[in-house]
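Here's the structure, in structure tokens; my notes come after.
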Amino acid sequence: MKWLIRLLLLFVVIVAVIYGVGWLLPVEHLASRTAALNASQQQVYDTIADVANYSQWWSEVERVEMLPSADGRVRFRQHTGAGPIAMQVEETAPPSRFVTRIADPEQPFGGTWTFEIAPQGPDKTLVTITERGEVYDPLFRFMSKFVFGHTSTMDSCLAALTRKFGA
């Protein structure tokens, strides 16, 4: 019985330490990833801006549900293995910039993704995704920083674009 109490106490201490470290971490973070693609700037922009068809090239996205627009902005819900996330297009500047924002107050995180799409030659394009993120819950903040990583979804997106266009 003593070992069970000690094990339970150890578990409580570990959770408290994780929660405490998460509480000390900043809510906001900035992360960026870049990939070079074998496609024109316009081709890359068109693919990224076509949010309804993300599931056709990005395997992490199971399906996309288009939502009613708000203030003239495109809104959609992308469904992944981690669950659905409502998104909104914040800015479009074809063919070089595309910005989305998490528009789901039920999520323990929020923020924007800015896609910067720059030509690097006739059929070469450099894509940079910059995440200006916020993680509200201290436990999830710890997990995001030390377990999942702030760049894992960006890495997945860029890997999918690389598979589609080549690098």
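The values are calculated or read from the model by the stated rules, or taken from the named source; none is laboratory data. Note that the structure is predicted; figures quoted are calculated from it, not measured. As a convention, Cβ positions derive from the backbone with ideal geometry for all residues, glycine included, and neighbour counts pool all protein chains shown.
Within segment 25-50, which residues are under 30 Å from R141 (Cβ atoms), in contact with a helix residue (DSSP H, G or I) (Cβ under 9 Å, 6 or more places away or on another chain) and in a strand (DSSP E or B)?
H29, A31, S32, R33, T34, A35
Checking the structure you have, find out if any residue of segment 32-40 is in contact (Cβ under 8 Å) with a residue 60 or more places away in the chain, out of contact with any strand residue (DSSP E or B) (no Cβ under 9 Å at 6 or more places or on another chain) and not acidic (D, E). No, segment 32-40 contains no residue that is in contact (Cβ under 8 Å) with a residue 60 or more places away in the chain, out of contact with any strand residue (DSSP E or B) (no Cβ under 9 Å at 6 or more places or on another chain) and not acidic (D, E).
Identification of helices (runs of 4 or more DSSP H) wholly contained in segment 51-167 with 1 or more residues that are touching a Ser or Thr at 6+ places or on another chain (Cβ under 9 Å), at pLDDT 95 or above and farther than 16 Å from S32 by Cα yields 54-57, 152-165.
With among the hydroxyl-bearing types (S, T, Y) and exposed (fewer than 14 other Cβ atoms within 10 Å of the Cβ) as the only criterion, which of S69, S40 stands out?
Selected residue: S69, the only one of S69, S40 that is among the hydroxyl-bearing types (S, T, Y) and exposed (fewer than 14 other Cβ atoms within 10 Å of the Cβ).
Residue-wise test of (1) surrounded by fewer than 16 Cβ atoms within 10 Å (Cβ to Cβ); (2) under 30 Å from V17 (Cβ atoms); (3) of a type in the set (F, W, Y).
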position: A103; (1), (2), (3): no, no, no
position: P108; (1), (2), (3): yes, yes, no
position: T112; (1), (2), (3): no, no, no
position: T128; (1), (2), (3): yes, no, no
position: P138; (1), (2), (3): no, yes, no
position: F142; (1), (2), (3): no, yes, yes
position: F148; (1), (2), (3): yes, yes, yes
position: C157; (1), (2), (3): no, no, no
position: A160; (1), (2), (3): no, no, no
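Within segment 51-82, the set of residues being farther than 16 Å from C157 by Cα and touching a helix residue (DSSP H, G or I) at 6+ places or on another chain (Cβ under 7 Å) comprises M66, V74, F76.
Hey, could you check segment 1-27 for residues that are surrounded by 11 or more Cβ atoms within 10 Å (Cβ to Cβ) and either in contact with a strand residue (DSSP E or B) (Cβ under 7 Å, 6 or more places away or on another chain) or under 28 Å from T100 (Cβ atoms) (or both) and say which is modelled with the lowest pLDDT? Among them, the one singled out is G22. Checked against the criterion of being of a type in the set (S, T, N, Q) and surrounded by 16 or more Cβ atoms within 10 Å (Cβ to Cβ), segment 51-60 contains not a single residue that satisfies it.
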